[in-house]
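Colleague: Sending over a structure as structure tokens; questions will come in a sec.
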Amino acid sequence: MLGWLKQYRRALLAGDVSAGIVVAMMMIPQGMAYAMVSGLPPVAGIYASILPPLLYALFGSSMTQSVGPMAIIALMTAAALAPLAAAGSGLYMVLAAQLALLSGVVLLACGLLRIGFLANFFSRPVMSGFTIGSALLIAWGQLATLVGAELPHLHVPSLLLGGASLLLLLMARAWLARLLRALGLSGRAADIGARLAPMLVVIGATVLVALCDLAGAGVHTTGAVPAGLPGLNLAVSNAHWRPLLQPALLIGFMIFLISMSAAQTLALKRQEKLHSNLELIGLGAANIGSALSGGFPVTGSMSRSAVNFSAGANTPLASVITALLLAVALVAPNRWLALLPLPTLAATIIVAVLGMLELETLRVALRYDRGDALALVATAAGVLALGVEAGVVIGVMLSMGTLIWRASRPHIAVLGRIAGSEHFRNIERYPAGTDPGVLLLRIDAGLFFGNVEAVNERIEDELAAHPAVRHLVLVLSGVNAIDTSALFGLAELNQMLRHRGIGLHLAEVKGPVLDRLKASDLLATLNGKVFLSTVMAWDELAGKP
């Protein structure tokens, strides 16, 4: 906090104030809607939007990140709590806060232990698949609220109100910004106005409910919203620590991934540097704050952070202003909040999550890497078929599995010399010359227990294809590490080649790798030499028996 406060200038204040006001207007319907997704009373969404951004402003590293309720985390909360308590019950609310507490402690511990790098093992295609699956799941879950009855039944007044709200929101998403620009607004102002469309639709629907007594016609509304700020307390259920631990780990993991994705995007635009471990600490503190104020797990939101950025936010003061305005909304007369129609809130959720159906990653992956495309589709299908938690596990397993599978099959190239130069290239790609007695193999990955067998098999295949070879040169320019298993594999290869009368040589060994090899017996027993460069190995070995 001291960092950005020490450098604060009066010129930044106008942008922070305007952004704080805009995001507060956006947060009232959005926070209440996401509380519904999580199975909590709508007011819990506002509770979860006051203390968390204040604490994140103290400890987080992003200048424009907006922390609060978010659709995917709300869905994961509902999935975790559904087997433990009835949605909306007193125990359910206690468990939601307890889940936020556990998630916050997990994030805080990870930040203090400096293990933010673990998030790098969740690939972008898998993350995209998880987001797509979750968005479809959330949208499907809101259909009953949109039509006012359990499908296939319909409540006509609710359907008309919800359908009209949905149509207006979709039209606003598609055309409102363009229309506002045509009316003379600047690009930034038009974008902000378009993003405030949900608030305007909710206000209009609320006025319609009041004027036409739609509640009396059976349209469900949020009901009475408790006046005043949430009390700071921590109610927990001692019997549910263990059942909540695994969901808290998964939710904490997703909170960090989603938040870092949003924060990194904005940091690049502002040419700022994020600190992943500070992000973990800030998000951990935010979730502990949500637990203390009767909320549920929270994270940084891409859409809300983008609005915060577009509205002129310069520092976390914008989020502080948003939190204060939401607190004022609870303290001031708020009877109008009780008239917010649930079908309209469901429509805002559906439109919001449909914006998460980003298919560009799938399109790119299909052209660039079919394995990544398969991982994306499998993760989305896992979320839809098996649930959110299973989808997270599938995503992590696919990310790690893809990494291991690729590392276990390193690229190995047969090299030849480019005529008239000292350059050696893959003979499958360049017209490079070879010598029948010398086989140059370049290994383009570190050697470890997972790929040493595959490397040795490839070497055997190449030796079988080149029966006249008397010298095998392993070009290790692409090898950053050799573990103990790979060391034993090289020793066995060396012994096997010695019996066959073939010399084993190494070239272009990196310094750290060579240092470790010197601590072993391999170099002393090597059936050949270690060359500084490939050209030196070629000059000495080519044309010799």
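All of the numbers you see were taken from the coordinates with simple rules; none came from a lab. Just so you know, these numbers come straight off a predicted model, no measurement behind them. Here Cβ is always computed from backbone atoms with ideal geometry, including for glycine, and neighbour counts include all displayed protein chains.
Colleague: Taking 0.36 nm per residue of separation and subtracting the Cα-Cα distance, what length does fully extending residue 495 through residue 232 add?
Modeller: Here the answer is 87.6 nm.
Colleague: Can you give me the angle between helix 241-270 and the longest principal axis of the chain, using Cα atoms only, in degrees from 0 to 90, rounded to the nearest 10?
Modeller: Value to nearest ten degrees: 80.
Colleague: Which label belongs to the value computed from this structure, given these candidates for Cα Rg over 2.2 N^0.38 Å: (1) 1.10; (2) 1.35; (3) 1.24?
Modeller: This structure yields the entry labelled (3).
Colleague: List the residues, sorted by chain then number, that are 5 or more residues from residue 299 or on another chain and whose placed amide H is less than 5 Å from its amide H.
Modeller: Correct list: 68, 70.
Colleague: Gap in Å between the Cα centre of segment 187-259 and the Cα centre of segment 429-443?
Modeller: 65 Å
Colleague: Let me ask you something else. What's the center-to-center distance, using Cα atoms, between segment 273-301 and segment 500-545 in Å?
Modeller: Between the Cα centre of segment 273-301 and that of segment 500-545, the gap is 53 Å.
Colleague: If we sort 497-510, 236-249 on the protection proxy, mean other Cβ atoms within 10 Å, highest first, what's the order? Could the numbers behind the result be given before it?
Modeller: Numbers: 497-510: 17.2, 236-249: 14.6.
Listed from highest to lowest mean packing, they are 497-510, 236-249.
Colleague: Ordered by packing density, taken as the mean number of other Cβ atoms within 10 Å over each peptide's residues, highest first, how do 333-341, 315-323 rank? Please report the intermediate quantities before stating the final value.
Modeller: Details: 333-341: 17.0, 315-323: 25.1.
Ranked from most to least packed, the peptides come out as 315-323, 333-341.
Colleague: If the chain between residue 182 and residue 6 were fully stretched, how many nm would it gain, using 0.36 nm times the residue separation less the Cα-Cα distance?
Modeller: Values: separation 176, 0.36 × 176 = 63.36 nm, distance 4.12 nm.
Between residue 182 and residue 6, full extension yields an extra 59.2 nm.
Colleague: May I ask you to derive the FRET efficiency for residue 105 and residue 425 from their Cβ-Cβ distance with R0 = 60 Å, giving the value to the nearest 0.05? Present the calculation step by step, with values, prior to reporting the outcome.
Modeller: Working: r = 54 Å, r/R0 = 0.89.
After rounding, the FRET efficiency stands at 0.65.
Colleague: What's the extension gain from residue 277 to residue 265 if we count 0.36 nm per residue and subtract their Cα-Cα distance?
Modeller: Details: separation 12, 0.36 × 12 = 4.32 nm, distance 1.72 nm.
That pair, residue 277 and residue 265, stretches by 2.6 nm at full extension.
Colleague: Each residue of segment 275-280 in order: what ³J(HN,Hα) in whole Hz does its phi give by Karplus 6.51 cos²θ - 1.76 cosθ + 1.60, θ = phi - 60°, with x for Gly and Pro?
Modeller: Result, rounded to whole Hz: 10, 4, 6, 5, 4, 4.
Colleague: A follow-up question, please. Give the angle, between 0 and 90 degrees and rounded to the nearest 10, that separates the Cα long axis of helix 156-171 from the longest principal axis of the Cα atoms of the chain.
Modeller: 50 degrees
Colleague: Net charge within 15 Å of residue 418 by Cβ-Cβ distance, Lys/Arg positive one each and Asp/Glu negative one each, not counting residue 418 itself?
Modeller: Details: positive: 417, 425, 429, 442; negative: 422, 428, 435, 539.
Result for the local shell: 0.
Colleague: Could you give the dipole magnitude of the chain about its Cα centre, charging the beta-carbon of Lys and Arg +1 and that of Asp and Glu -1, in debye to the nearest 20?
Modeller: Its charge dipole is roughly 1080 debye.
Colleague: Sorted by mean Cβ packing within 10 Å, highest first, what order do the peptides 28-41, 456-469, 343-356 take? Don't skip to the end; give the middle numbers.
Modeller: Values: 28-41: 26.6, 456-469: 13.5, 343-356: 24.1.
In decreasing order of mean packing, 28-41, 456-469, 343-356 become 28-41, 343-356, 456-469.
Colleague: So, one more: In degrees from 0 to 90, rounded to the nearest 10, what is the angle of the helix 90-112 Cα long axis to the longest principal axis of the chain?
Modeller: So the helix axis and the longest Cα principal axis differ by about 40 degrees.
Colleague: Identify all aspartates and glutamates with a Cα-Cα distance to residue 518 below 18 Å; exclude those on the same chain that are fewer than 8 residues away in sequence.
Modeller: Those aspartates and glutamates meeting the cut-off are 483, 492, 508.
Colleague: Cα centroid distance between segment 476-499 and segment 341-397, in Å?
Modeller: 43 Å
Colleague: Then there is this: Explain nothing, just the number: dipole magnitude of segment 412-541 about its Cα centre with +1 on each Lys and Arg Cβ and -1 on each Asp and Glu Cβ, in debye rounded to the nearest 20. Please list the in-between numbers first.
Modeller: Values: 12 positive and 16 negative charges, 44 e Å.
Dipole magnitude for segment 412-541 comes out near 220 debye.
Colleague: Pairs of alpha-carbon atoms within less than 8 angstrom and 6+ residues apart define the contacts here; what relative contact order does the chain have, in percent?
Modeller: Working: 1002 pairs, mean separation 125.4, N = 545.
Relative contact order, the chain: 23 percent.
Colleague: For segment 370-378, just list the computed ³J(HN,Hα) in residue order, Karplus coefficients 6.51, -1.76 and 1.60, θ = phi - 60°, integers in Hz, with x standing in for Gly and Pro.
Modeller: Result, rounded to whole Hz: 5, x, 5, 4, 5, 5, 4, 5, 5.
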